[in-house]
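Let me begin by presenting the structure, written as structure tokens, before commenting on it.
The values are calculated or read from the model by the stated rules, or taken from the named source; none is laboratory data. Remember, it's a predicted structure, so these values are computed and weren't measured experimentally. In this analysis, Cβ positions are derived from the backbone assuming ideal geometry, glycine residues included, and neighbour counts consider all displayed protein chains. Quick note on the areas: whole protein, heavy atoms, side chains included, nothing else; ligands and nucleic acids left out. Shrake-Rupley method; radii C 1.70, N 1.55, O 1.52, S 1.80 Å.
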Amino acid sequence: MVMPKAFYITTPLYYVNAAPHIGHSYTTVAADCLARYHRLNGEPVFFLTGTDEHGQKIEQAARAAGLEPKAFTDQTAQTFHALWKTLNISYDRFIRTTDADHIRVVQRALQHLRPQLRQGPSTFFYCVPCETQWAQSDVADPHAPECPSCRRALEQVEEENFFLPLEPHRQWLKAHIDAHPAFVQPEARRNELLALLEQPLPDLCLTRPTARLSWGIEVPFSRVHVTYVWVDALLNYLTAAGYGTAAFEATWPADVHVIGKDILRHHALYWPILLHALGLPDAQMPRMIFAHGWWTIGEQKMSKSRGNIVDPNVVIADGLKDQPYAADVYRYFLLREVPFGQDGSFSEEAIRKRLETDLANDLGNLLHRTLSMIERYCHGRLPAAGPVGCAVDDAPLRDGALGLSKQLEERMARLDFSGALEAIFQLITRANRYIELQAPWQLAKAGEPARLHTVLAVLTEVIRIVAVALDPFMPSVAEAAWAQLGLGGTPRRLRDTTQWPGVTAGQPIGTRAVLFPKTS
Ligand code: ME8
């Protein structure tokens, strides 16, 4: 039997010169949400994250810490592992560019590219924080050269290296982008890339002399060079998919490379050209490169080297310390607050606001009110519905709930996380309004148990569907809501959101607990 190809999702490999901040957690939470969504949909998934450990900036940071580079990277890679555990990140592999299988893949790829490489002296500008080379023509003032991406001072470099000519691939890449609208997303980034492709492309330097940098993967055909860190890092996506082994086709190509817009050029220009130069056909190109926006503090991009970072551990452990599901509150905020692709300004007040309104007032209340009424009016057992009446809002609410998975499907295909959450929370709002309109407490007072049970059964079904839909976004909250409904132990699957009813009447509900306690 042929195994279906896994849905392959990647994050960037983060530099381990310092511990992760909100920006890194953003990309990883988004990729995790996508991975969980596809698993919920019954698809095999391969979700990759990891750390980028070679290069000048890591070597410098290790030296400053008084450690050997490997010992230093072991230490910092651990801070990423720890944060991903806190945030419930369900990766299938955490790759480090110092892993032995990766070193083999990089050397194999370089060997393969060797006949296409030009060796020669070169002069270019280099930004150490971005580990990126720039041509004379990229720099506005050659007397005070600044990085066009991060605006920091550039080094001028003159050295002998191996180069891959990119220009022979330019027309091919343009045609590929034209033929595959999803290849670079969102639209603004696609246009940015197409604009870059209007000009001839400079050769890409694949190596660094060991005299300047020793902390890198040895170049198999030159004793005096190591691999340029970006080439090393990009190739990780092939390593993890089992490049050169029989397993490769079961994972490759990547379905989505999730990145920030700062590294668009590396992923949407250098990466496909490297793959093309390695002989991969069009059908084996990544299917989507999605470059999201930046979290800013005020107007400034949050970044390690600007020193304006916010540590997610602090937000979770201090800012949300009263919350039993703090990590999920944080995940919700990141995914809901800013449409994926746009920039957003980070503040703890904004998280608090989302917590108090969407989570406590809307979601928390819906669950709390419904379950307390089931306890009170149905002896804590899931009620049986009588006929669902069209005249009294039951049917529209039911149809809205049954239509949710279609909305999710359409939005998640575009990585529109905030749109998907909006659809879920619109349903929650409708369900809360339904409670007000149906006023189950009055039905109880008026002695109308059949109608009362129908209303509570409709609400139970809506909550069941919401608990499934929330799984990729807030896995622990979804699990808790599921258990409170008394459904613990039954797997949550997306396809169950198109079934009604989905619960067995008469089953006892679980133990109730407030999901988002109020503190002020
Ligand atoms: O670029 N807002 O690693 P890096 C949103 N090693 N996202 C942000 C962010 C912010 N303020 N700051 C960082 C590298 N990010 C390379 C990648 S991949 C083969 C090699 C996120 O540690 C965003 O995903 O500088 C960005 O692209 C990434 O962290 C850069 O991480």
Show log10 I(q)/I(0) for region 236-324 at q = 0.10, 0.14 Å⁻¹, two decimals, from a solvent-free Debye sum over equal Cα scatterers.
-0.44, -0.70
Given a cut-off of 29 Å, name the pairs among K85/K174; K406/K445; K85/K321; K57/K261 whose C-alpha atoms lie farther apart than that in the structure shown.
K85/K174; K406/K445
Taking H placed 1.01 Å from N in the peptide plane, check which residues at least 5 places from F7 or on another chain put their amide H under 5 Å from its amide H.
V45, F46
What value, in deg cm²/dmol to 500, does the helix sum -39500 (n - 2.57) over DSSP H runs of n ≥ 4 give at 222 nm once divided by the residues of the chain?
-12500 deg cm²/dmol
Per-pair calculated FRET efficiency, R0 = 35 Å: K85 and T504 via Cβ, rounded to 0.05
0.50
Report the full-extension gain for the segment E68 to R381: residue separation times 0.36 nm, less the Cα-Cα distance, to one decimal in nm.
106.5 nm
Would you please calculate the Kirkwood hydrodynamic radius of region 213-275 over all C-alpha pairs and express it in Å, rounded to one decimal?
13.3 Å
Kindly work out what percent of the DSSP beta bridges joining two residues of the chain are antiparallel, to the nearest 5.
50 percent
So, in Å, what gap is there between the alpha-carbon centers of region 337-370 and region 212-231?
47 Å
What accessible area per residue, rounded to a whole number of Å², is obtained for the chain using a probe radius of 1.4 Å?
40 Å²
Classify region 253-384 as rounded, prolate or oblate, taking a ≥ b ≥ c as the square roots of the eigenvalues of its Cα gyration tensor: rounded when a/c is under 1.5, otherwise prolate if a/b is larger than b/c and oblate if not.
oblate
P(r) of region 349-498 in 10 Å steps, Cα pairs, percent per bin?
11, 42, 35, 11, 1
What is region 311-433 by shape, rounded, prolate or oblate, if you read a ≥ b ≥ c off the alpha carbon gyration tensor as root eigenvalues and call it rounded for a/c under 1.5, prolate for a/b larger than b/c, and oblate otherwise?
oblate
On the protein heavy atoms, probe 1.4 angstrom, tell me the percent of accessible surface of the chain carried by carbon and sulfur.
53 percent
Starting with the highest mean, order 9-16, 195-202, 147-154 by the number of other Cβ atoms within 10 Å, averaged over the residues of each peptide.
9-16, 147-154, 195-202
Can you tally the net charge around R331? Count Lys and Arg as +1, Asp and Glu as -1, for every other residue whose Cβ sits under 15 Å from the Cβ of R331.
-2
Find the Cα radius of gyration of the chain, compare it with 2.2 N^0.38 Å by division, and give the number to two decimals.
1.10
Gained length - R495 relative to R430, 0.36 nm times residue gap less alpha-carbon distance:
21.2 nm
Binned Cα-Cα distances of region 95-144, short to long, each 5 Å bin given as a whole percent
4, 15, 14, 15, 19, 16, 9, 7, 1
Pick out, in residue order, every one of the trypsin sites (Lys or Arg not before Pro) in region 64-103 that is DSSP loop and has at most 13 other C-beta atoms within 10 Å; say none if there are none.
none
Cα-centred dipole magnitude for the chain, charges only on beta-carbon of K, R (+1) and D, E (-1), debye, nearest 20
1040 debye
